[in-house]
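Encoded as structure tokens, the structure appears first; notes follow it.
The values are calculated or read from the model by the stated rules, or taken from the named source; none is laboratory data. Just so it is clear, the structure is predicted and the values come from calculations on it, not from any experiment. Counting neighbours? That spans all protein chains shown, and the Cβs are built from the backbone with ideal geometry, glycine included.
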Ligand code: MN3
């Protein structure tokens with residue numbers, strides 16, 4: 001049974017911290033533009049597609065992403081791009097918190113990272129290499145693939161859930177995520193972003209205590 005409360009219209013999820021809370025790693029203006037303008041545009045465009053499909057107003061974002069054929073062929077790309085932009089940005093902003101020195105995973109996820117990559121430092125190195133290698137616009141994710149951990153690059157606004165993976169951590173490497181402060185220096189943005197990863201959130205998802 002579908003819940004009786006519609007998801008439509010989708011609203012822009014508020015930031016869990018102040019615009020300047022990620023300084024000096026990500027500047028306040030970038031956070032403001034990225035959240036209030038870019039993320040908002042995906043939200044508005046998603047609502048614009050859904051407006052014509054009252055039957056879909058009860059579908060969650062996950063359902064929309066995994067069942068794009070519910071809309072006409074002409075609207076499928078628009079739905080996937082904007083529902084994907086909504087899902088990915090919601091995850092990205094929640095997956096960060098004010099920076100802390102020595103920010104690292106703990107608990108069962110730390111054990112799994114050590115098993116899969118050898119050490120946290122080896123994980124960071126491989127993550128950075130793959131995030132640098134994302135060509136054009138996209139994301140790099142740490143996902144759970146069954147019981148295995150995996151690094152997953154995605155293009156544009158493709159999502160890991162449409163591919164059947166459970167996301168744990170993600171970095172947005174679209175230029176709008178870092179250009180104001182770092183210009184073309186994506187590597188520096190990645191190094192700084194490591195201080196911001198919300199490992200508590202990743203750990204809860206990994207342990208099945210939180211839905212991504
Ligand atoms: Mn973005």
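Here residue 12 does not qualify as in contact with a strand residue (DSSP E or B) (Cβ under 7 Å, 6 or more places away or on another chain), under 24 Å from residue 198 (Cβ atoms), in contact (Cβ under 8 Å) with a residue 24 or more places away in the chain and not in a helix (DSSP H, G or I). The set of residues from the range 169-186 being within 19 Å of residue 100 (Cα to Cα) and more than 13 Å from the ligand (Cβ to nearest atom) comprises just one member, 169.
Does residue 112 satisfy the criteria of being at pLDDT 95 or above, in contact with a helix residue (DSSP H, G or I) (Cβ under 6 Å, 6 or more places away or on another chain) and surrounded by 13 or more Cβ atoms within 10 Å (Cβ to Cβ)? Answer is no for this residue.
Checked against (1) touching a helix residue (DSSP H, G or I) at 6+ places or on another chain (Cβ under 6 Å); (2) exposed (fewer than 14 other Cβ atoms within 10 Å of the Cβ), residue 106 meets all criteria but (1). When 55, 40 are screened for being at pLDDT below 95 and either within 16 Å of the ligand (Cβ to nearest atom) or outside any loop (DSSP other than H, G, I, E, B) (or both), only 55 passes. When the range 59-83 is filtered for residues that are under 15 Å from residue 48 (Cβ atoms), surrounded by 15 or more Cβ atoms within 10 Å (Cβ to Cβ) and in contact with a helix residue (DSSP H, G or I) (Cβ under 7 Å, 6 or more places away or on another chain), the ones remaining, listed by number, are 64, 71, 75, 78, 79, 80, 82, 83.
Summed over the range 161-212, the residues that are touching a helix residue (DSSP H, G or I) at 6+ places or on another chain (Cβ under 7 Å), assigned to a loop (DSSP other than H, G, I, E, B), surrounded by fewer than 17 Cβ atoms within 10 Å (Cβ to Cβ) and free of Cβ contacts under 8 Å to residues at least 60 places away in the same chain give a count of 1.
Of the helices (runs of 4 or more DSSP H) lying entirely inside the range 63-142, those carrying at least 2 residues that are closer than 27 Å to residue 14 by Cα and more than 16 Å from the ligand (Cβ to nearest atom) are 73-94.
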